[in-house]
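Shown next, in structure tokens, is the structure this report addresses.
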Amino acid sequence: MPSASDPTLHPLCNSRDLVDGGLAVPFDVMYAGQTCRAFAIRHQGRAHAYLNRCTHVAMEMDWQPNRLFDDTGRWLLCATHGAVYEPDTGACKGGPCRGGLIRIDLAEHAGVVHWRSQYPVQPVEF
Ligand code: FES
């Protein structure tokens, strides 16, 4: 449900649900007319979100649910062929990725994380 003050903001999770280098929080969006999975993570204190779609092959990156970080908690990893992405920008840092992850803007305020809809990323219609 959009926030009362800004219809482009959508509640995603509580701030405490995002632990630095820990499990991601999944959510669904419409991307270019298709329902897609997305995920939010925290890295060095800041929350970030991306479409859960590898740029090598357009498939979800976590073979263990919501485990997007590598074992060190430093990099986002695609489990299929090992593409490596920067957690704070989504930029490709190694492996077979072709360009960076598609970023979704977040806003964090008063202990709640919201994602921002912005074409082509829109809320799923029910
Ligand atoms: S599908 Fe992600 S690295 Fe190949």
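Each value in this text was obtained by applying a stated rule to the coordinates, not by laboratory testing. No experiment lies behind these values; they were computed from the predicted model shown. Don't worry about glycine lacking a Cβ; one is built from the backbone with ideal geometry, like all the others, and counts go over all protein chains shown.
Of note:
- Test result for ARG42, surrounded by fewer than 15 Cβ atoms within 10 Å (Cβ to Cβ) and closer than 25 Å to GLN122 by Cα: no
The rows are residues; the columns are (1) within 16 Å of the ligand (Cβ to nearest atom); (2) of a type in the set (Val, Ile, Thr); (3) within 18 Å of GLN34 (Cα to Cα).
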residue	(1), (2), (3)
MET61	yes, no, yes
THR72	no, yes, no
TRP75	yes, no, no
ALA79	yes, no, no
GLY82	yes, no, no
GLU86	yes, no, no
ALA107	no, no, no
PHE126	no, no, yes
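- Number of positions in the stretch 93-106 that are over 13 Å from the mean Cα position of the chain (by Cα) and either in contact (Cβ under 8 Å) with a residue 40 or more places away in the chain or not in a loop (DSSP other than H, G, I, E, B) (or both): 6
- Some residue of the stretch 48-59 being under 22 Å from VAL121 (Cα atoms), within 10 Å of the ligand (Cβ to nearest atom), hydroxyl-bearing (Ser, Thr, Tyr) and assigned to a loop (DSSP other than H, G, I, E, B): yes
- Hits in the stretch 83-92 (condition: part of a strand (DSSP E or B) and surrounded by fewer than 16 Cβ atoms within 10 Å (Cβ to Cβ)): none
- Search result, residues across the stretch 72-82 that are part of a strand (DSSP E or B) and either more than 15 Å from the chain's Cα centre (by Cα) or farther than 12 Å from ALA49 by Cβ (or both): LEU77
- When the stretch 25-43 is filtered for residues that are under 13 Å from ILE102 (Cβ atoms) and not in a strand (DSSP E or B), only ALA32 remains.
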